[in-house]
Amino acid sequence: MNFQERKKKILAALDDTESLSVFELAEILEASPATIRRDLGDIAEEGLLIRTHGGAMKMENPVLTGFSEKSGVNNPTKEQIAEKAAAYVQDGDIIFLDCGSTVFQMCRFLKKKSIRVITNSLPILAELIDVPSIQINLIGGELNKARKAIHGDKAVQHINGYHAHKAFIGVDGLSAENGLTAHSEHESTITTAFIRNAGQVMLLCDASKIGKDSYVKFAELSAIHTLITDADAARTAALRQNGLNVEIAG
């Protein structure tokens, strides 16, 4: 069995059971634990699963590596959320944009505005680089090839040197109990820096992530000024009860 065949079986197994150990996967695939460990590392680099100590977890929203593929995930919903978010941006604003796919969708609705964008996202850079009215500050640091984004301590230091009127961020999980959660510490530290250095923080989050918790807890609900989502009132009731302002897109 070659790597591609093993990858398909590993992802299928995780889809069924959420998380598995190296030894469980080795038994399922009839492969050695060493082979499975190597495979998990390679698949995690592609952004298709979360590597854990001793095994792997299912990735709720797998990272697609192509700009066009990534921007097309759940496209109609993301576009509605992005359009509503972009309406908050005024000429003259300085804004943080993170590397989330829903935030990326904002680009098409920002092109007629005269603004400054500070971002760690290469797809956003590529989308806005030729727009004369938009000035771009690309955050410096270590490139995460799978996410096509800049992360690391140097990136956080860069962000800390600026102040934005508004930050537009994504999240991997959002709940009244645990606030904002992320798949990795790399992404959570960048998002935390955006939150810390912005006058207002707008969270773009589709209904599939509400009520779910991911690996890293990094911010309380009180850090967010407005949640922009497609989720209905019933699904966001607990968030509203905890004081979060919720805007429904669509």
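See the values below:
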item: Number of positions in region 133-159 that are touching a Leu at 6+ places or on another chain (Cβ under 7 Å), part of a strand (DSSP E or B) and closer than 14 Å to residue 98 by Cβ; result: 3
item: Only listed residue being touching a strand residue (DSSP E or B) at 6+ places or on another chain (Cβ under 6 Å) and open to solvent by 40 Å² or more (accessible area, probe 1.4 Å), chosen from 157, 200; result: 200
item: Single residue of region 204-223 satisfying the filter (touching a helix residue (DSSP H, G or I) at 6+ places or on another chain (Cβ under 9 Å) and assigned to a strand (DSSP E or B)) that is nearest to residue 80 (Cα to Cα); result: 204
item: Failed item, numbered, when residue 191 is tested on (1) touching a strand residue (DSSP E or B) at 6+ places or on another chain (Cβ under 6 Å); (2) at pLDDT below 95; (3) in a helix (DSSP H, G or I); result: (2)
item: Pairs where the first residue, in region 226-245, is under 24 Å from residue 166 (Cα atoms) and the second is open to solvent by 40 Å² or more (accessible area, probe 1.4 Å) and part of a helix (DSSP H, G or I), C-beta under 6 Å, 6+ apart; result: 228/84
item: Identity of the residue in region 207-224, charged (D, E, K, R) and surrounded by fewer than 21 Cβ atoms within 10 Å (Cβ to Cβ), that ends up nearest to residue 249 (Cα to Cα); result: 212
item: Any pair with Cβ under 7 angstrom, 6 or more apart, that starts in region 115-138 at a residue that is within 20 Å of residue 169 (Cβ to Cβ) and ends at one that is among the hydroxyl-bearing types (Ser, Thr, Tyr) and surrounded by fewer than 19 Cβ atoms within 10 Å (Cβ to Cβ); result: 118/162
item: Candidate set: region 160-180, residues that are farther than 12 Å from residue 203 by Cβ and either of a type outside the set (A, V, I, L, M) or under 16 Å from the mean Cα position of the chain (by Cα) (or both); chosen: the one most open to solvent (accessible area, probe 1.4 Å); result: 177
item: Matching residues, region 122-139, being touching a strand residue (DSSP E or B) at 6+ places or on another chain (Cβ under 9 Å) and surrounded by fewer than 13 Cβ atoms within 10 Å (Cβ to Cβ); result: 129, 133
item: Positions within region 19-60 being surrounded by fewer than 17 Cβ atoms within 10 Å (Cβ to Cβ) and of a type in the set (Asp, Glu), in sequence order; result: 24, 27, 30, 42, 45, 46, 60
item: Flag if residue 234 is part of a loop (DSSP other than H, G, I, E, B) and of a type in the set (A, V, I, L, M); result: yes
item: Close pairs from region 13-24: first free of Cβ contacts under 8 Å to residues at least 24 places away in the same chain and assigned by TED's automatic domain parsing to the domain that holds residue 35, partner surrounded by 12 or more Cβ atoms within 10 Å (Cβ to Cβ) and of a type in the set (Val, Ile, Thr), Cβ under 6 Å, at least 6 apart; result: 13/28
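This table checks each residue for (1) of a type in the set (Val, Ile, Thr); (2) out of contact with any Lys or Arg (no Cβ under 9 Å at 6 or more places or on another chain); (3) assigned by TED's automatic domain parsing to the domain that holds residue 90; (4) under 22 Å from residue 95 (Cβ atoms).
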{"site": "145", "(1), (2), (3), (4)": "no, yes, yes, no"}
{"site": "160", "(1), (2), (3), (4)": "no, no, yes, yes"}
{"site": "187", "(1), (2), (3), (4)": "no, no, yes, yes"}
{"site": "195", "(1), (2), (3), (4)": "yes, yes, yes, yes"}
{"site": "221", "(1), (2), (3), (4)": "no, yes, yes, yes"}
{"site": "236", "(1), (2), (3), (4)": "yes, yes, yes, no"}
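The values are calculated or read from the model by the stated rules, or taken from the named source; none is laboratory data. Because the structure is predicted, anything quoted here is derived from the model rather than measured. Don't worry about glycine lacking a Cβ; one is built from the backbone with ideal geometry, like all the others, and counts go over all protein chains shown. Note: accessible area is taken over every heavy atom of the protein model, side chains too, but ligands, DNA and RNA are not part of it. Shrake-Rupley method; radii C 1.70, N 1.55, O 1.52, S 1.80 Å.
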